[in-house]
Structure formats: structure tokens, C-alpha cells
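Q: A single structure is presented below for examination.
The values are calculated or read from the model by the stated rules, or taken from the named source; none is laboratory data. Predicted, not measured: the structure shown is a model, and the values here were computed from it. We place every Cβ from the backbone using ideal geometry, glycine too, and count neighbours over all the protein chains shown.
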Amino acid sequence: MRSLLEGVLEFSRCGKYNESAEVIDLNKLSHGIFESLTPPAGFKLKAAGIPNVTIEPTRIYTILYQLIKNSVLHHPDPANG
């Protein structure tokens, strides 16, 4: 429940960041987020060839973090990633 509420709060703040857009390497960011979550053994992130984007860093980090975290948490076969 706490995670759900934190996600709603993050979403409500999405339009309130005053950051300048930067070129972001989505491959590097995705892998960094994945490793920071310390996924179970056997989990691998297959992300390659994703283009760079120009966006506010906090916004894209928040989106990717939630997507990757949910993928790990709700995987149907966590033992095999």
C-alpha cells in the first residue's frame, strides 16, 4: 500500500519539476536503475539499442524506475527472472 501511495504522490508531482531537458542515455539509465534494485539472481535486463532522448532527467528516471521495479516485483517466475 505504501508503494502505491508513493507512486501516486510521484505522479502528482510530474508537472512540477523545473528542470532543463537533457540528452539522456536510456540504455545506461535503465541498467543503472535495474542494478540499484538488486534484483533476484537470474534476473537480467535486456535493453539495448534504445535511442537517447531529450527530457528532464527526474521525469524519465521516475518513469523508468517505476516500470522496472514493477516488472521485477510482479514477475510471474521470479526464480528464473
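Q: For the range 14-60, how many residues are farther than 18 Å from Ser71 by Cβ and buried (at least 16 other Cβ atoms within 10 Å of the Cβ)?
A: Summing the residues that are farther than 18 Å from Ser71 by Cβ and buried (at least 16 other Cβ atoms within 10 Å of the Cβ) in the range 14-60 gives 4.
Q: Output the number of residues of the range 63-81 satisfying the condition of being out of contact with any Phe, Trp or Tyr (no Cβ under 7 Å at 6 or more places or on another chain) and at pLDDT 90 or above.
A: The qualifying residues number 7.
Q: Being in a helix (DSSP H, G or I) and modelled with pLDDT of 85 or more is true for just one of Gly49, Gly32. Which residue is that?
A: When all the criteria are applied, what remains is Gly32.
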